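Trainee: Provided herewith is a single structure, encoded as structure tokens, for subsequent inquiry.
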Amino acid sequence: MSSRLLNSIVVLLAILLIVGMQTIFIVDETKQAIILQFGDPVAIYQDPGLHVKLPFAQAVTYFDKRVLSSDALPQEYLTVGKKRLVVDHVTRWRIIDPLLFFKAVRTEAGARARLDDIVFSEIRRELATSNFEDVVSFERENIMGRVTTSASATAAEFGIQVVDVRIKRADLPEEVEQSVFNRMRAERQRESSLFRAEGEEQANIIRARADRDSTVILAEGYQISQALRGEGEAEAIAVYAAALGEDLEFYAFSRRLDSYAQILKSGDSLVIPAGSDFFRYLQSSGVPLPTPASE
């Protein structure tokens with residue numbers, strides 16, 4: 001085989017490879033394709049598989065079949081009563097008509113721009129007829145359901161199906177939020193002052209009841225102690241009386257010794273007449289001697 005023939009075969013194979021690559025294309029399960037001939041769409045392929053087109057004259061444009069998302073910037077809306085609300089939402093959508101999509105918006109970036117405008121408009125319309133409390137409560141689910149339905153109906157003109165619209169965050173504007181926080185703080189302080197006043201009132205009632213009970217208990221204790229003291233003194237008097245009846249001289253001697261212990265202190269000086277009866281038990285001549293007991 002001559003070198004010229006070999007070169008011709010190589011060139012022919014290269015041409016066939018290039019033509020084949022320009023003729024055959026693959027659509028996988030996550031994509032859908034449109035065949036463009038000189039910029040105009042001529043065919044649509046939404047099923048996965050191996051397909052052919054005219055080489056060089058036709059081109060393939062792919063679009064995603066999966067659910068896509070659009071995360072728009074937060075926007076400020078007005079609710080019923082002209083209350084301002086900042087809403088940050090996310091939209092999930094898919095391309096259901098690639099030909100209509102290509103004619104209307106061309107690319108996903110163009111689709112997101114159109115879709116954000118549609119969703120902004122629908123959210124503004126819904127929130128204008130909704131209370132602020134509904135937007136931040138469980139009613140939010142129904143509101144966003146209505147937004148999804150109406151936005152999907154409008155986006156169908158661009159070959160788009162809106163799957164879902166969700167609010168990620170719904171807050172008051174920063175300047176309004178601060179005033180609301182201040183009002184909430186004042187309300188909580190008012191409630192705390194009320195609770196403290198009620199607690200102080202209850203504490204005073206309990207304290208007064210405790211003081212009253214303690215006064216009653218002390219009075220009863222004093223009454224019982226006085227009764228016991230009276231009984232003790234009566235018993236002591238009875239004992240003294242019994243002792244006095246047994247031996248008058250011993251009783252007088254015992255009482256006089258108690259008096260000496262109370263009066264006579266170390267270093268004290270007393271001026272008392274020598275013949276005073278008070279010291280007669282301290283004088284040997286005045287102390288009667290006991291009579292020895294008979295054995």
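Trainee: Filter segment 7-39 down to the residues that are in contact with a Lys or Arg (Cβ under 8 Å, 6 or more places away or on another chain) and at pLDDT 90 or above and list them by number.
Mentor: Glu29, Thr30, Lys31, Gln32, Ile35
Trainee: When you check Arg106 against the structure, is it farther than 21 Å from Ala170 by Cβ and in contact with a Ser or Thr (Cβ under 7 Å, 6 or more places away or on another chain), yes or no?
Mentor: Criteria not met by Arg106.
Trainee: Within segment 161-169, does at least one residue satisfy the condition of being over 21 Å from Gln46 (Cα atoms) and either part of a helix (DSSP H, G or I) or of a type in the set (A, V, I, L, M) (or both)?
Mentor: yes
Trainee: From the list Leu115, Leu172, which one is over 21 Å from Arg66 (Cβ atoms) and either assigned by TED's automatic domain parsing to the domain that holds Gln46 or touching a helix residue (DSSP H, G or I) at 6+ places or on another chain (Cβ under 8 Å) (or both)?
Mentor: On inspection, the qualifying residue turns out to be Leu172.
Trainee: Go through segment 212-236 and report how many residues are closer than 22 Å to Arg255 by Cβ and of a type in the set (A, V, I, L, M).
Mentor: 2
Okay, residues lined up against (1) touching a residue at least 24 places away in the same chain (Cβ under 8 Å); (2) outside any loop (DSSP other than H, G, I, E, B):
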site	(1), (2)
Leu12	no, yes
Val80	yes, no
Phe102	yes, yes
Leu115	yes, yes
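Trainee: Got a number for residues in segment 143-198 being aromatic (Phe, Trp, Tyr) and more than 21 Å from the chain's Cα centre (by Cα)? Give the steps one after another, and end with the answer.
Mentor: Our first condition is that a residue be aromatic (Phe, Trp, Tyr); within segment 143-198, this holds for 158, 181, 195.
Imposing the further condition that a residue be more than 21 Å from the chain's Cα centre (by Cα) reduces the set to 158.
Selection size over segment 143-198: 1.
Trainee: Sort through Leu54, Leu73, Leu6, Leu17 and tell me the only one that's within 19 Å of Thr148 (Cα to Cα) and either assigned to a loop (DSSP other than H, G, I, E, B) or over 58 Å from the mean Cα position of the chain (by Cα) (or both).
Mentor: Going through Leu54, Leu73, Leu6, Leu17 in turn, the sole match is Leu73.
The values are calculated or read from the model by the stated rules, or taken from the named source; none is laboratory data. Quantities reported herein were computed from a predicted structural model and do not represent experimental measurements. Here Cβ is always computed from backbone atoms with ideal geometry, including for glycine, and neighbour counts include all displayed protein chains.
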